[in-house]
Ligand code: PEP
Ligand code: MG
């Protein structure tokens, strides 16, 4: 099977009738980088920068951060890379940092909330990224944005840092794209405003599903209780795709749902044309997409949105193509 996927590596990622679907990969550490070339990924759609911080015995120095980001950009070559700023707090604990006791860490002082309150850390990260991307393109996105004003504040911090670097004579990235993760439900009701400001958005389906169903993603008693492709979730995914298409802003899904064959199919059926998935699933997803027509996928997903159980079963059948290759 691996050999078959390898043979597909340089084949276009598209449906049987030729609709392109960009398959990018998620990463976070040096060990992930060879997979960009190995899988033929269209880029790195989510680089989880917190992983470097989580495996380190102490806060990674500026130089260490910059070295990693440089290596990532080198490995990706001409392909795009989306760096996500530090997403710590909640279940992602940095052993060397003092933590506060929180009753509901997933709803607590984490990700961009922490970044905005401790801008020093965010700024040092932006500085390391900007230096690594000097003369190149830098794509940066913020995790756990819950309201548009948080995006504005985070953007201000980035711009301040760039101004600072410019003042000191550093070469800046040639082009800068800023985006927000859509993973907190409140943002679903501010999509239009958000989309008028960002360069792109990416759905974090792990958190979005957790918060939509109020079911802890790490608690097996409840995590699998609700269908990630249930009617309400499908409608949410469609709402976001429609809004992004209308605003003419790129949208991807980078949560684990996109890595699953049924999830990827459903998302394509809802209008998504770019997914960021685990490197190990790229081959299987590509093989699967190449076996279905867009019309088939769309029709099935449209019926699923109306609650059709046979359509849900049909999608599962279509997804089996990913296993049988
Ligand atoms: C997500 O929430 O879906 C996501 C991509 O981010 P993480 O899993 O790192 O929270
Ligand atoms: Mg998340």
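Once you reduce the range 51-85 and the range 184-202 to the center of their Cα atoms, the two points are 26 Å from each other. Using a Gaussian network model of the chain whose springs link C-alpha atoms within less than 10 Å, name the residue from 89, 179, 43 with the highest mean-square fluctuation. In this elastic network of the chain, the residue with the biggest mean-square fluctuation among 89, 179, 43 is 89. Principal-axis analysis of the Cα atoms of the chain puts helix 231-247 at an angle of about 60° to the longest axis. Mean sequence separation of contacting Cα pairs (under 8 Å, at least six apart), scaled by the length of the chain, corresponds to a relative contact order of 20 percent.
Given a 10 angstrom Cα cut-off, can you work out which residue in 292, 278, 13 is the most mobile in a GNM of the chain? Ranking 292, 278, 13 by mean-square fluctuation puts 292 first. Principal axis extents of the C-alpha atoms in the range 173-325 (largest first, rounded to whole Å): 43, 36, 29. Structural size metrics of the range 122-167, computed from C-alpha coordinates, are Rg and Dmax of 11.1, 32 Å. Between 0 and 90 degrees, the angle of helix 119-132 with respect to the longest Cα principal axis of the chain falls at about 80 degrees.
Take the Cβ atoms of residue 166 and residue 199, set R0 to 25 Å, and the FRET efficiency comes out at 0.80. For the chain, set up a GNM with springs between Cα atoms under 10 Å and report which of 161, 103, 11 has the largest fluctuation. Top of the fluctuation ranking is 103. Computed over the chain, the Cα gyration tensor eigenvalues convert (square root of 5λ each) into semi-axes of 32, 23, 19 Å, ordered from largest to smallest.
Rounded to the nearest whole angstrom, the semi-axes of the ellipsoid equivalent to the range 218-296, taken from the Cα gyration tensor as √(5λ), stand at 20, 18, 12, largest first.
Using only Cα atoms, what is the ratio of the radius of gyration of the range 1-130 to 2.2 N^0.38 Å? Write out the running numbers ahead of the final one.
On the way: Rg = 17.5 Å, N = 130, 2.2 N^0.38 = 14.0 Å.
Normalised Rg, Cα atoms only: 1.25.
How tilted is helix 62-76 with respect to the longest principal axis of the chain? Cα atoms for both, answer in degrees (0 to 90, nearest 10). On a 0 to 90 degree scale, this one is about 30.
No value in this document is a laboratory result; all are computed from the given coordinates. Note that this is a predicted model, so its numbers are computed, not measured. Glycine gets a Cβ as well: all are built from the backbone with ideal geometry, and neighbour counts include every protein chain shown.
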